[in-house]
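Novice: Dropping the structure in here first, questions after.
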Amino acid sequence: MRIAHLTDLHLPIPVRPSSSDLLNKRILGYLSWRRTRRHRHRIAALEAIVADCRREAPDFTAISGDLLNISLAAEFSVGAQWLKDNFEGDSTAFAPGNHDSYVAVDWANGLGMFSDYMLGERAADGIFRAPAGPEDFPFVRTVGDAGFIFANSAPPTAPGLATGRLGPGQISRIEVELDRLRAAGKCRILVLHHPVTKGVAPRRKALDDQDALRKAIFDKGVDLILHGHTHRPVWTTIETRDGQRPVIGGASASHPCAHGAYRPARYNLISIVRACNATWRIDVDIREFDPANASVRTVETRALSPAGS
């Protein structure tokens with residue numbers, strides 16, 4: 001099967017915020033957007049990436065957060081419509097990022113508006129349900145041979161911080177799902193916004209309880225982890241009881257051009273095949289926006305070792 005992984009889309013802020021909207025952390029985010037971020041995230045690059053993704057027709061698309069910027073009401077409304085216009089809910093799912101939870105917003109008028117893209121197999125009756133609130137994660141989607149665990153690592157934080165946290169309850173539920181999907185013979189893919197490996201993000205942007213998550217992953221095993229947050233490509237591994245497993249951090253899907261360590265807009269097209277020894281071979285085509293002609297092409301291909309090799 002083929003999986004598309006997009007992250008850090010950062011749709012343009014659709015309206016000028018009111019003064020009352022900015023009487024909190026949003027003022028810092030809005031100033032950052034006006035000064036720099038609106039130039040580093042452009043809708044034309046994102047639209048080219050999404051159009052290419054649709055042409056490639058993956059079996060499933062995982063979006064690992066940061067559709068928005070400062071969690072304005074207008075952003076949620078526009079973001080929900082943008083998802084509907086570009087992706088099918090039955091073949092796409094979304095894990096929240098820190099910019100989607102920039103400040104505390106009522107669930108129904110905030111992230112709950114993306115519920116069609118957070119539907120999971122959450123009960124023995126097999127009925128798909130969306131999370132009822134920010135604590136009601138993870139949710140699980142199974143598609144073919146793959147089982148996706150979508151976690152919420154992005155609670156609202158204080159000004160100047162973009163740290164993440166899962167909490168012991170969510171980590172415990174991730175453990176349960178890792179066990180369940182192993183028993184079902186699925187390729188287990190954990191999707192969240194924040195990096196899980198040390199040194200990838202600075203302290204003020206890191207996952208606070210990454211040690212606890214890594215312990216859970218070591219004990220239960222995982223086959224692949226997808227994250228965002230860094231805006232640059234990350235290729236690393238994590239130790240599990242079964243050996244080293246791949247971790248892929250996606251670059252932003254909306255950069256119009258390269259900038260220092262950042263690449264032009266990218267997404268990853270991941271192929272997963274069951275290996276002859278009942279493990280998994282994972283191959284990745286990195287599809288990147290070309291600023292010279294606004295096209296999207298494969299700029300790199302990586303063959304990740306089969307689990308257990």
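The values are calculated or read from the model by the stated rules, or taken from the named source; none is laboratory data. Keep in mind the model is a prediction, meaning the values are calculated, not measured. Because the Cβ atoms are built from the backbone with ideal geometry, glycine has one as well, and the counts that use them run over all protein chains shown.
Novice: Go through (1) under 18 Å from residue 192 (Cβ atoms); (2) modelled with pLDDT under 95 and name the single condition residue 61 misses.
Specialist: (2)
Novice: Which residue pairs have Cβ atoms closer than 7 Å, lie 6 or more positions apart in sequence or on different chains, and pair a first residue in the stretch 173-185 that is touching a residue at least 12 places away in the same chain (Cβ under 8 Å) with a second residue that is crowded, with 16+ Cβ neighbours inside 10 Å and basic (Lys, Arg)?
Specialist: Close Cβ pairs (under 7 Å, with a partner that is crowded, with 16+ Cβ neighbours inside 10 Å and basic (Lys, Arg)) amount to 175/220; 178/188; 178/220; 179/220; 181/188; 182/188.
Novice: Please report, ordered by residue number, the strands (runs of 3 or more DSSP E) entirely within the stretch 203-309 with at least 1 residues that are in contact with a Gly (Cβ under 8 Å, 6 or more places away or on another chain), buried (at least 20 other Cβ atoms within 10 Å of the Cβ) and touching a residue at least 60 places away in the same chain (Cβ under 8 Å).
Specialist: Because the criterion is at least 1 residues that are in contact with a Gly (Cβ under 8 Å, 6 or more places away or on another chain), buried (at least 20 other Cβ atoms within 10 Å of the Cβ) and touching a residue at least 60 places away in the same chain (Cβ under 8 Å), the strands (runs of 3 or more DSSP E) in the stretch 203-309 that meet it are 224-227, 243-249, 266-274.
Novice: Same structure again: Going by what's in this entry, would residue 190 be described as in contact (Cβ under 8 Å) with a residue 40 or more places away in the chain, within 23 Å of residue 2 (Cα to Cα) and either in contact with a Ser or Thr (Cβ under 6 Å, 6 or more places away or on another chain) or in a helix (DSSP H, G or I) (or both)?
Specialist: Spelling it out, it is not the case that residue 190 is in contact (Cβ under 8 Å) with a residue 40 or more places away in the chain, within 23 Å of residue 2 (Cα to Cα) and either in contact with a Ser or Thr (Cβ under 6 Å, 6 or more places away or on another chain) or in a helix (DSSP H, G or I) (or both).
Novice: Can you find even one residue in the stretch 172-184 that is under 13 Å from residue 138 (Cβ atoms), modelled with pLDDT of 95 or more and of a type in the set (S, T, N, Q)?
Specialist: There is at least one residue in the stretch 172-184 that is under 13 Å from residue 138 (Cβ atoms), modelled with pLDDT of 95 or more and of a type in the set (S, T, N, Q).
Novice: Identify, please: which residue in the stretch 6-36 is touching a Ser or Thr at 6+ places or on another chain (Cβ under 7 Å) and of a type outside the set (A, V, I, L, M) and is, among those, farthest from residue 232 (Cα to Cα)?
Specialist: 10
Novice: I need the full set of residues from the stretch 114-129 which are at pLDDT 95 or above and either among the β-branched types (Val, Ile, Thr) or in contact with a Leu (Cβ under 9 Å, 6 or more places away or on another chain) (or both), in order please.
Specialist: The answer is 114, 116, 117, 118.
Novice: Further question: Considering every residue within the stretch 139-150, establish whether at least one is closer than 21 Å to residue 92 by Cβ, buried (at least 20 other Cβ atoms within 10 Å of the Cβ) and of a type in the set (Ser, Thr, Tyr).
Specialist: For the stretch 139-150, residues closer than 21 Å to residue 92 by Cβ, buried (at least 20 other Cβ atoms within 10 Å of the Cβ) and of a type in the set (Ser, Thr, Tyr): absent.
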